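Working notes for the structure below.
Please treat every number below as a calculation from the coordinates, not as lab data. Keep in mind that this is a model prediction, so the values were computed, not measured. Here the Cβ is made from the backbone with ideal geometry for all residues, glycine too, and neighbour counts use every protein chain on show.
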Amino acid sequence: MSKYWSKAVQGLEPYVPGEQPKDKVYVKLNTNENPYPPSPKAILAMQAAADDKLRLYPPPTCDELRDTIGAYYGLKKEQVFVGNGSDEVLAFSFMAFFDPGSPILFPDITYSFYPVYAALFHIDYQLVTLNEDFSIPVEAFWQPNGGIIFPNPNAPTGRYLSLAAIETILRKNRDQVVIVDEAYIDFGGESAIKLLQNYDNLLIIQTLSKSRSLAGLRVGFALGSAELIEALDRVKNSINSYTLDRVALAGAVEAFKDEAHFEETRQKIMATRQRVMVSIEKLGFEVVPSTANLIFISHPVIPAERIFRELREHGVLVRYFKKPRIDNFLRVSIGSDEEMDCFLTALRDIV
Ligand code: PMP
């Protein structure tokens, strides 16, 4: 705290990202990164983009990337917004669609950035208590609200909500914006994109950080009606015209063109997840059903915090949240088969 800080800054409780350790090399399963490299074509495009054109500002409207993403999903460029990671797109969305004094709804166990954005933009919120099995009680979204946001699949649980359920939420909330954060959708879930044609109030947010192995590039995007995208543009153009640099734009465009690479890596991750879930259950763990590149697990006897510490001593880093209801769970990202074998070997030593 400093006397020089504004009152707004003094009041912030920022999000704490997962650890990126430097002390030693871990089997790193704590931030849901993709274990496989990005598309080689995307890397070549980024190398080519690192040329003398970097003296020029990047195109502020990002037309080529928006066209590419639009064409990929059968949408128009006007229905696509791109930003510096989906975290930025989420932050802009809180500003564009939610108002102070009209409480929004999101699950009590969810991506921990949502309450941080809510506090930053003075948006009140009401938490929707998840069912015992961590599924979302859809009826809770029928109460009056100033907007709705939830990830599908949810984080950190990996639980998936059906499109039929999402459609009910949209139908019951025609006058509010419903944001579906699909950061993990490519690992087995069905995107709500097909609902866009019937619901102007739906905003879908996705990222290149997970299924396209580009967490380090910082590219996320939103899909929605032109009306919603225009609001995001207004926010962006009131803060920073150039949120995506030339290298990121070039890499992201190529990543969307390399379908074979995308398909191969996501299939590998889903197959590994299936194998690991079976092994973990055999070790006596409860495993929450997952449609994401992560699993959420709990042991009936050994406290999660102890398993977390002992895994770390074995050189395996997973995520532990010291929060009510989930403080006996560990979130484990799905790494390569070799990484997951290290994890399972360490776990067999511990339990
Ligand atoms: N949404 C959810 C649910 C997430 O778990 C994450 C990753 N931590 C993000 C959004 C943000 O991803 P990025 O900013 O890398 O696109």
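ILE69 meets each of the listed conditions (1) assigned to a helix (DSSP H, G or I); (2) closer than 25 Å to LYS323 by Cα apart from (2).
Among the residues of region 205-228, those that are away from the ligand (no atom under 12 Å from the Cβ) and buried (at least 22 other Cβ atoms within 10 Å of the Cβ) comprise LEU223, GLY224, LEU228.
Residues in region 248-277 that are farther than 30 Å from ALA50 by Cα and touching a strand residue (DSSP E or B) at 6+ places or on another chain (Cβ under 9 Å): ARG273, VAL276, MET277. Selection of first residues in region 14-29 that are under 26 Å from ASP337 (Cβ atoms) and of second residues that are within 14 Å of the ligand (Cβ to nearest atom) and assigned to a loop (DSSP other than H, G, I, E, B), restricted to Cβ pairs under 7 Å at least 6 apart or on distinct chains, gives the following pairs, ordered by first then second residue: GLY18/ASN30; GLY18/THR31; GLU19/ASN30.
Would you confirm whether any residue within region 41-50 is under 19 Å from SER211 (Cα atoms), more than 14 Å from the ligand (Cβ to nearest atom), assigned to a helix (DSSP H, G or I) and among the charged types (D, E, K, R)? Yes, some residue in region 41-50 is under 19 Å from SER211 (Cα atoms), more than 14 Å from the ligand (Cβ to nearest atom), assigned to a helix (DSSP H, G or I) and among the charged types (D, E, K, R).
Rundown of residues vs (1) within 16 Å of ASP186 (Cα to Cα); (2) in contact with a Pro (Cβ under 8 Å, 6 or more places away or on another chain), yes/no style:
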site: LEU214; (1), (2): yes, yes
site: ARG234; (1), (2): no, no
site: PHE256; (1), (2): yes, no
site: GLU263; (1), (2): yes, no
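Tell me, which residue of region 51-89 that is of a type in the set (S, T, N, Q) and within 26 Å of ALA155 (Cα to Cα) is farthest from the ligand (Cβ to nearest atom)? Result: GLN79. Applying the set (1) under 28 Å from TYR36 (Cβ atoms); (2) β-branched (Val, Ile, Thr); (3) surrounded by fewer than 21 Cβ atoms within 10 Å (Cβ to Cβ) to ILE185 leaves exactly one unmet item: (3).
Looking at ILE148, ILE166, just one residue is within 19 Å of VAL116 (Cα to Cα) and within 16 Å of the ligand (Cβ to nearest atom), and that residue is ILE148.
Is it the case that some residue within region 179-199 is more than 14 Å from the ligand (Cβ to nearest atom) and of a type in the set (Lys, Arg)? Yes, region 179-199 contains at least one residue that is more than 14 Å from the ligand (Cβ to nearest atom) and of a type in the set (Lys, Arg).
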